[in-house]
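The values are calculated or read from the model by the stated rules, or taken from the named source; none is laboratory data. Note that this is a predicted model, so its numbers are computed, not measured. For neighbour counting, all protein chains shown are included, and Cβ atoms are generated from backbone atoms with ideal geometry for every residue, glycine included. For the accessible areas, the whole protein counts, side chains as well, though only heavy atoms, and no ligand, DNA or RNA atoms are used. Shrake-Rupley method; radii C 1.70, N 1.55, O 1.52, S 1.80 Å.
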Amino acid sequence: MEDLYVYTGSFAVIGTSLGGPAVASVVGGDRGIPILLMAIGGAGMLAVAGYESLQTDPEEFTAPPIVLLALVGAACLTLLGTVLPAVTGF
């Protein structure tokens, strides 16, 4: 698998995990500054991840394995932090 797609996919998961619940809160009527900033940041991360995956040549992209491992771990933790409250009801 190309490192570029692991890299940008992890950023897309993090952006969705942070921005998704914030957008749902904004649509539901909660419009606090932190929620708006999280919604904007999540949408920005998704946009940048998509742009970078389309504009960067996968053959030329390099990232150290420890960076990819840390980024995939962060994506898993943010996804877990988003899913657990929805499942457990906290």
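Annotation: of all residues in the stretch 81-90 being at pLDDT below 90 and of a type in the set (Gly, Ala, Ser), the one that is surrounded by the fewest Cβ atoms within 10 Å (Cβ to Cβ) is Gly89.
Being outside any helix (DSSP H, G or I), out of contact with any strand residue (DSSP E or B) (no Cβ under 8 Å at 6 or more places or on another chain) and of a type in the set (S, T, N, Q) is a description that does not apply to Thr78. The residues of the stretch 40-80 that are of a type in the set (D, E, K, R) and either modelled with pLDDT of 95 or more or in contact with a Ser or Thr (Cβ under 7 Å, 6 or more places away or on another chain) (or both) amount to a single one, Glu52. Could you tell me whether the stretch 42-62 includes any residue that is free of Cβ contacts under 8 Å to residues at least 24 places away in the same chain and among the polar types (S, T, N, Q)? Yes: one or more hits.
Across the stretch 47-75, the qualifying residues are those that are open to solvent by 80 Å² or more (accessible area, probe 1.4 Å) and of a type outside the set (D, E, K, R), and the one among them that is farthest from Tyr5 (Cα to Cα) is Ile66. Do we find a residue being of a type in the set (Val, Ile, Thr) and more than 20 Å from Leu77 (Cα to Cα) anywhere in the stretch 13-25? No, the stretch 13-25 has no match at all.
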